[in-house]
Amino acid sequence: MVDSDWGDWLPRAVADADPDTVALWYLGCNGFAIKGSEGTVLWIDPYVGTGDPPRTVRMIPIPFDPEDVDIADAVLATHEHTDHVHGPSQAPILANTDADLVAPDDSLAVAREEEQWTDEYAVSEAAFTEVTEGDELRIGEFTVHVVATHDPDATHPVGYLIKHDAGTVFHAGDSKPAPSFSGLAERFDIDLGILAFGSAGTIPDKETGEPVRTKWYSDENEIAEAAADLGLDRLVPTHWDMWKGLTADPTALHDHVRSYDAPNRLEIVEIGDRIDL
């Protein structure tokens, strides 16, 4: 773990905000802080690690120190990969706020067994809340639906459909287009959808170090297909900024989504930006 490049201004911005509806702050990679009008705060996939150079090299600033986060009602993890479940990034938030880690089984196994959060941090077993597809949770002013996604690189990925009186947000983790998406569009009116986007590139193999062609995230056509299937009002592409060799230009998506009925709006955010429902 390294010190934040930005000091504590981002956690303070979240803590001090008084949104009229729901405010979201992009943390880079695939992370978001979400705050409702009544003060409930969710952190989804917050990650402030630097990757594993030279295989995965972080291309964006470290936007906050998790020790500076003192307001959180839950930390939600979409799947078990390091940039989505990471003790140094997330366990201090749980310890400082008494928030729960809400995650599927394989993600909790990382926290329990591989990283041993209960031994390494002031986190108790009671802080782990296991969820699976079809579950519904009430967290403060938010109703969270756990839904199926399609991330073939993960062992048990899920997405979170977050309902609020002001609107609905869908965080799909690193999912590519999924068979479940058209059904979600029939059940929910999704105001804002968060979908991972990136390029294909060569990344050193974990064992040999040899470059291997790698494609972890949706390309331009896949993210356009997913957004259309979900019937999104607003599409927010993520993850395009993170890893050396897999970065992409989100402005290119204008040409890919323009002929679809959805999304109605492509919203490009950079690390640290706030958007509101």
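Screening the range 97-120 for residues that are of a type in the set (Ser, Thr, Tyr) and surrounded by fewer than 19 Cβ atoms within 10 Å (Cβ to Cβ) and picking the one that is nearest to Glu38 (Cα to Cα) gives Thr97.
Here is the figure for the range 188-209: residues that are in a loop (DSSP other than H, G, I, E, B) and either at pLDDT 95 or above or touching a Gly at 6+ places or on another chain (Cβ under 6 Å) (or both) total 7. Taken over the range 255-271, the residue count meeting the criterion of being surrounded by fewer than 12 Cβ atoms within 10 Å (Cβ to Cβ) and either within 19 Å of Phe32 (Cα to Cα) or in contact with an Asp or Glu (Cβ under 9 Å, 6 or more places away or on another chain) (or both) is 2. Of all residues in the range 38-72, those that are part of a loop (DSSP other than H, G, I, E, B) and either surrounded by fewer than 18 Cβ atoms within 10 Å (Cβ to Cβ) or within 16 Å of the chain's Cα centre (by Cα) (or both) total 19.
Quick one: which of Val85, Val14, Val2 is at pLDDT 95 or above, of a type outside the set (Phe, Trp, Tyr) and not in a helix (DSSP H, G or I)?
Numbers: Val14 fails: not in a helix (DSSP H, G or I); Val2 fails: at pLDDT 95 or above.
Among Val85, Val14, Val2, only Val85 is at pLDDT 95 or above, of a type outside the set (Phe, Trp, Tyr) and not in a helix (DSSP H, G or I).
The set of residues in the range 141-170 that are crowded, with 16+ Cβ neighbours inside 10 Å and either part of a loop (DSSP other than H, G, I, E, B) or of a type in the set (Lys, Arg) (or both) comprises Glu141, Thr149, His150, Asp151, Ala154, His156, Pro157, Lys163, Ala166. Scanning the range 210-242 for residues that are free of Cβ contacts under 8 Å to residues at least 60 places away in the same chain, in a loop (DSSP other than H, G, I, E, B), within 24 Å of Pro46 (Cα to Cα) and not hydrophobic (A, V, I, L, M, F, W, C) gives Lys215, Tyr217, Asp219. The residue pairs whose first member lies in the range 1-26 and is without any contact (Cβ under 8 Å) to a residue 24 or more places away in the chain, whose second member is assigned to a loop (DSSP other than H, G, I, E, B) and loosely packed, with under 15 Cβ neighbours inside 10 Å, and whose beta carbons are closer than 9 Å, counting only pairs six or more residues apart or on different chains, are Asp18/Gly39. For the range 197-208: of the residues being without any contact (Cβ under 8 Å) to a residue 60 or more places away in the chain and either at positive phi or crowded, with 20+ Cβ neighbours inside 10 Å (or both), which is nearest to the chain's Cα centre (by Cα)? Out of the qualifying residues, it is Phe197. Annotation note: Cβ proximity below 8 Å between a residue of the range 113-127 that is farther than 9 Å from Ala91 by Cα and part of a helix (DSSP H, G or I) and a residue that is modelled with pLDDT under 95 and of a type in the set (Gly, Ala, Ser) (sequence gap 6+ or interchain) occurs for no pair.
All told, Glu133 falls short of being buried (at least 16 other Cβ atoms within 10 Å of the Cβ), in a loop (DSSP other than H, G, I, E, B), of a type in the set (D, E, K, R) and in contact (Cβ under 8 Å) with a residue 12 or more places away in the chain.
Can you run down the residue pairs with Cβ atoms below 9 Å, 6 or more apart or on separate chains, where the first is in the range 243-262 and closer than 14 Å to Ile223 by Cβ and the partner is loosely packed, with under 13 Cβ neighbours inside 10 Å? Close Cβ pairs (under 9 Å, with a partner that is loosely packed, with under 13 Cβ neighbours inside 10 Å) amount to His256/Asn221. Residue pairs whose Cβ atoms lie under 6 Å apart, sitting 6 or more positions apart in sequence or on different chains, and linking a residue in the range 171-184 that is part of a loop (DSSP other than H, G, I, E, B) to a partner that is of a type in the set (S, T, N, Q), are Ala172/Thr149; Gly173/Thr78; Gly173/Thr149; Ser175/Thr149; Lys176/Ser218; Ala178/Thr149. The set of residues in the range 124-152 being over 16 Å from the mean Cα position of the chain (by Cα) and among the polar types (S, T, N, Q) consists of Ser124, Thr129, Thr132, Thr143.
The values are calculated or read from the model by the stated rules, or taken from the named source; none is laboratory data. Bear in mind that the values here come from a model prediction, so they are computed numbers and not experimental data. Cβ coordinates were reconstructed from backbone atoms using ideal geometry, including for glycine residues, and neighbour counts include every protein chain displayed.
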